[in-house]
Amino acid sequence: MKAPDFSLPDQNGTMHSLKDYAGKWLILYFYLKDQTSGCTIQACNIRDSSGVITELGNTEVVGISKDSVESHKVFADRNGLKFTLLSNPEHKVIEAYGAWDPNTEMGTLRNTVIISPEGEIVKEYKNVDPETHATMILNDLKALRGSPKPGDDVAT
């Protein structure tokens with residue numbers, strides 16, 4: 001399935017769109033709210049796995065919630081998050097990726113997709129456990145990418 005396009009600001013106010021990640025693997029994770037316990041655990045586990053993700057090369061991590069740019073900046077700074085957090089207060093992108101349920105307290109579902117370098121959704125996770133999700137992503141990303149071949153550039 002082709003990944004829906006998006007154009008959203010990050011925690012620094014810089015705009016990002018899906019085409020910015022063309023040719024790269026993209027881990028796009030949706031979370032409920034900055035500074036909440038579950039979302040902080042999830043973000044920090046992803047942060048702590050980012051070294052392995054970087055070693056795989058050609059892979060980016062992006063989080064999306066309906067929080068403001070300013071809230072994302074505080075959340076990223078407070079938790080040492082080096083990856084991109086996108087602000088989607090109107091939740092249109094969240095909806096496009098099937099991570100929105102207006103019948104839940106916060107609306108956003110804790111879902112993740114892995115998008116291939118060709119822009120295809122190749123793996124989808126629904127209502128993940130913030131404690132174990134980063135490990136699941138790493139294992140699946142390694143399997144999807146296959147083993148590096150001699151001469152492959154594994155640096156970012």
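How many residues, within the range 9-28, are among the hydrophobic types (A, V, I, L, M, F, W, C), within 13 Å of the chain's Cα centre (by Cα) and in a strand (DSSP E or B)?
Looking only at that region, the number is 4.
Here are the criteria: (1) in contact (Cβ under 8 Å) with a residue 40 or more places away in the chain; (2) under 22 Å from ALA22 (Cβ atoms). Tell me which single one ALA134 does not satisfy.
Tallying (1) in contact (Cβ under 8 Å) with a residue 40 or more places away in the chain; (2) under 22 Å from ALA22 (Cβ atoms), ALA134 fails exactly one: (2).
Hey, among the residues in the range 112-129 that are of a type outside the set (Val, Ile, Thr), in contact with a strand residue (DSSP E or B) (Cβ under 7 Å, 6 or more places away or on another chain) and closer than 22 Å to MET15 by Cα, which one's surrounded by the fewest Cβ atoms within 10 Å (Cβ to Cβ)?
Across the range 112-129, the extreme among qualifying residues is GLU120.
If ASP67 satisfies all but one of (1) closer than 30 Å to GLY146 by Cβ; (2) acidic (Asp, Glu); (3) surrounded by 17 or more Cβ atoms within 10 Å (Cβ to Cβ); (4) at pLDDT 95 or above, what's the number of the condition it fails?
For ASP67, the failing item is (1).
For the structure I just gave you, tell me whether ILE53 is within 14 Å of the chain's Cα centre (by Cα), modelled with pLDDT under 95, of a type in the set (A, V, I, L, M) and crowded, with 16+ Cβ neighbours inside 10 Å.
Against the criterion (within 14 Å of the chain's Cα centre (by Cα), modelled with pLDDT under 95, of a type in the set (A, V, I, L, M) and crowded, with 16+ Cβ neighbours inside 10 Å), ILE53 qualifies.
Can we say ASN58 is over 14 Å from the mean Cα position of the chain (by Cα), on the phi > 0 side of the Ramachandran plot and touching a residue at least 24 places away in the same chain (Cβ under 8 Å)?
So ASN58 passes the test.
In the set ILE64, ILE114, ILE137, which member is assigned to a helix (DSSP H, G or I) and within 12 Å of the chain's Cα centre (by Cα)?
On the way: ILE64 fails: assigned to a helix (DSSP H, G or I); ILE114 fails: assigned to a helix (DSSP H, G or I).
Result: ILE137 is the single residue among ILE64, ILE114, ILE137 that is assigned to a helix (DSSP H, G or I) and within 12 Å of the chain's Cα centre (by Cα).
If the requirement is being assigned to a helix (DSSP H, G or I) and either over 12 Å from the mean Cα position of the chain (by Cα) or among the charged types (D, E, K, R) (or both), which of these qualifies: GLU105, GLU90, GLU70?
After ruling out the rest, the residue left standing is GLU70.
Quick one: ASP129 ticks every box in (1) in a loop (DSSP other than H, G, I, E, B); (2) closer than 18 Å to ASP5 by Cβ except a single one, so which number is it?
Every condition holds for ASP129 apart from (2).
Which members of the range 73-87 meet the condition of being within 14 Å of the chain's Cα centre (by Cα) and in a loop (DSSP other than H, G, I, E, B)? If you could, list the steps in order and put the result at the bottom.
From the range 73-87, those within 14 Å of the chain's Cα centre (by Cα) are 76, 81-87; that's our starting set.
Answer for the range 73-87, where residues must be within 14 Å of the chain's Cα centre (by Cα) and in a loop (DSSP other than H, G, I, E, B): LEU81, LYS82, PHE83.
For (1) over 23 Å from VAL69 (Cβ atoms); (2) at pLDDT 90 or above, each residue gets a yes or a no:
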{"site": "LYS92", "(1), (2)": "no, yes"}
{"site": "ALA96", "(1), (2)": "no, yes"}
{"site": "ASN103", "(1), (2)": "yes, yes"}
{"site": "GLY107", "(1), (2)": "no, yes"}
{"site": "GLU124", "(1), (2)": "yes, yes"}
{"site": "THR132", "(1), (2)": "yes, yes"}
{"site": "LEU138", "(1), (2)": "yes, yes"}
{"site": "SER147", "(1), (2)": "yes, no"}
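The values are calculated or read from the model by the stated rules, or taken from the named source; none is laboratory data. Nothing here was measured: the structure is a model prediction, and the numbers come from that model. All Cβ positions, even for glycine, are placed from backbone atoms using ideal geometry, and neighbour counts span all protein chains on display.
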